[in-house]
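The values are calculated or read from the model by the stated rules, or taken from the named source; none is laboratory data. Keep in mind that what you see is a predicted model, and the values were worked out from it rather than measured. Methodologically, a virtual Cβ is constructed for each residue, glycine included, from the backbone with ideal geometry; neighbour enumeration extends over all protein chains shown.
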Amino acid sequence: MRFRPLLPLLLPLLLAACAKTNAPVRLDFIGIAGLTSGNRSVSPSDTITTRAYAVGADNPLVRVRVTVRYEPTRVPFLYPLPLSGYNPKSTPDDDELIYLDSLIAPAASAQYRGGEFVLLNKFTARTTSGAERWLYTVLDNQGESASRAYRLTARKPDSAAVFHSYAARLRPVPAGAVAPGPRGGQVLDSLRNQARVFLSLRSGLQLPRHALLNQQNSLQANQPLIDLVCLSDGATVSLAAPASAILAPAPTRWPAANRRRTRLLRTTLSETNFNNAATTAAFTTAFAAGQALVPDSLSSGPLAKGSVLAFRTYDNHTGLLLVADLTTGTAPLLSCRIKVQK
């Protein structure tokens, strides 16, 4: 995926730098209020924002890569009883996840011959207890590179529960929506790249488009993580499984083998019923009593505030999704609460 200059995700900037960098490539985090630039403790589902500034001394910068490693696994797990029998070494860390892998478009002009740019990364912290290590790397056309990293640590008080619960805020981009860009241009592609509308139900991981699709197809390993995609036509907001005919992505971009068939069913449960559901049996019963929203049960149809959906993931984990709040129009927002069996 190639990002063009002046897009919010990967924005080349002319900076009034006075001194020439000595290293072939330099990468720094911008440390001001509201930005994360070092190790810190966070609350589960916190929104984190980082700006990274990169400089190429003599040779053009050609690639940026952002990876994250979750320690231990990003999905919740059942603790043994008694808890004193838990051995942390029995829960291995996940493989490194490539969050961004992008070519860098050449800058028209720059203070440095190799170019310079600012990368904005806005993401949601893990929903489970543990740590996540974010590593940012920039390379030039001679293979020289620079890297910076930080570690976030989250603590969830109900980690010993038999189910995982969390809140998610999804901001779909309405079809045909545009926003003013630099010099009056439109930045629809950039909005879609940044919108965190791809959801992994078990882990609570929310990913943007640029973590799943790029021109080099180097991100396809992330696609099987996704259970639901949040969609909007401006008037309504809905959820769909990747295998739903509503999405129908190009087979070369999102192969059929990577499209999860998450089933969604309508229930008559209230918010109170959702709050009281606290066992695997409650989730299974709700799913068994649910009604299909469309013939294949792979999409929700238009959602309504207060409604409760029952779902079953591709690996047979059941759960409930409450539509806690819903905004439609030009800036749609779906706020939901989710409970899923471990």
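When Arg253 is tested against the conditions (1) surrounded by fewer than 20 Cβ atoms within 10 Å (Cβ to Cβ); (2) in a loop (DSSP other than H, G, I, E, B); (3) modelled with pLDDT under 90, the lone failure is (3).
Does Tyr150 satisfy the condition of being part of a loop (DSSP other than H, G, I, E, B), touching a Gly at 6+ places or on another chain (Cβ under 8 Å), in contact (Cβ under 8 Å) with a residue 24 or more places away in the chain and assigned by TED's automatic domain parsing to the domain that holds Ile48? Taking the combined requirement at face value, the residue does not satisfy it. Only one entry in Ala243, Ala248, Ala221 is surrounded by fewer than 16 Cβ atoms within 10 Å (Cβ to Cβ), in a loop (DSSP other than H, G, I, E, B) and either in contact with a helix residue (DSSP H, G or I) (Cβ under 6 Å, 6 or more places away or on another chain) or not polar (S, T, N, Q) (or both), namely Ala248.
For beta carbons closer than 9 Å, sequence separation of 6+ or different chains, a first residue in region 37-58 that is outside the structural domain of Thr137 (by TED's automatic domain parsing) and without any contact (Cβ under 8 Å) to a residue 12 or more places away in the chain and a second that is assigned to a loop (DSSP other than H, G, I, E, B) and surrounded by 19 or more Cβ atoms within 10 Å (Cβ to Cβ), there are no qualifying pairs. Residues of region 312-342 that are over 18 Å from Ser299 (Cα atoms), of a type in the set (Lys, Arg) and assigned to a strand (DSSP E or B): Lys339 alone. When each of Ser109, Ser102 is tested for being surrounded by fewer than 16 Cβ atoms within 10 Å (Cβ to Cβ), small (Gly, Ala, Ser) and either within 22 Å of Arg148 (Cβ to Cβ) or modelled with pLDDT under 85 (or both), the lone residue that passes is Ser109.
Screening Pro172 with (1) of a type outside the set (A, V, I, L, M, F, W, C); (2) surrounded by fewer than 18 Cβ atoms within 10 Å (Cβ to Cβ); (3) modelled with pLDDT of 85 or more; (4) part of a loop (DSSP other than H, G, I, E, B) gives one miss only, at (2).
Every residue, every condition in (1) surrounded by 20 or more Cβ atoms within 10 Å (Cβ to Cβ); (2) in a helix (DSSP H, G or I); (3) touching a residue at least 12 places away in the same chain (Cβ under 8 Å), yes or no:
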position	(1), (2), (3)
Ser238	yes, no, yes
Thr284	no, yes, yes
Val294	no, no, no
Ser297	yes, no, yes
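Residue-by-condition table, conditions (1) at pLDDT below 85; (2) surrounded by 21 or more Cβ atoms within 10 Å (Cβ to Cβ):
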| position | (1), (2) |
| --- | --- |
| Ala167 | no, no |
| Gly181 | yes, no |
| Phe198 | no, yes |
| Arg202 | no, yes |
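For (1) touching a Lys or Arg at 6+ places or on another chain (Cβ under 7 Å); (2) of a type in the set (Asp, Glu), each residue gets a yes or a no:
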{"site": "Val25", "(1), (2)": "no, no"}
{"site": "Phe29", "(1), (2)": "yes, no"}
{"site": "Val55", "(1), (2)": "yes, no"}
{"site": "Tyr70", "(1), (2)": "yes, no"}
{"site": "Val75", "(1), (2)": "yes, no"}
{"site": "Ser84", "(1), (2)": "no, no"}
{"site": "Lys89", "(1), (2)": "no, no"}
{"site": "Asp93", "(1), (2)": "yes, yes"}
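One residue alone among Ala289, Ala304 is surrounded by fewer than 20 Cβ atoms within 10 Å (Cβ to Cβ), among the hydrophobic types (A, V, I, L, M, F, W, C) and more than 19 Å from Leu199 (Cβ to Cβ), and that residue is Ala289.
Could you count how many residues in region 329-342 are over 20 Å from the mean Cα position of the chain (by Cα) and buried (at least 18 other Cβ atoms within 10 Å of the Cβ)?
Total meeting the criteria: 1.
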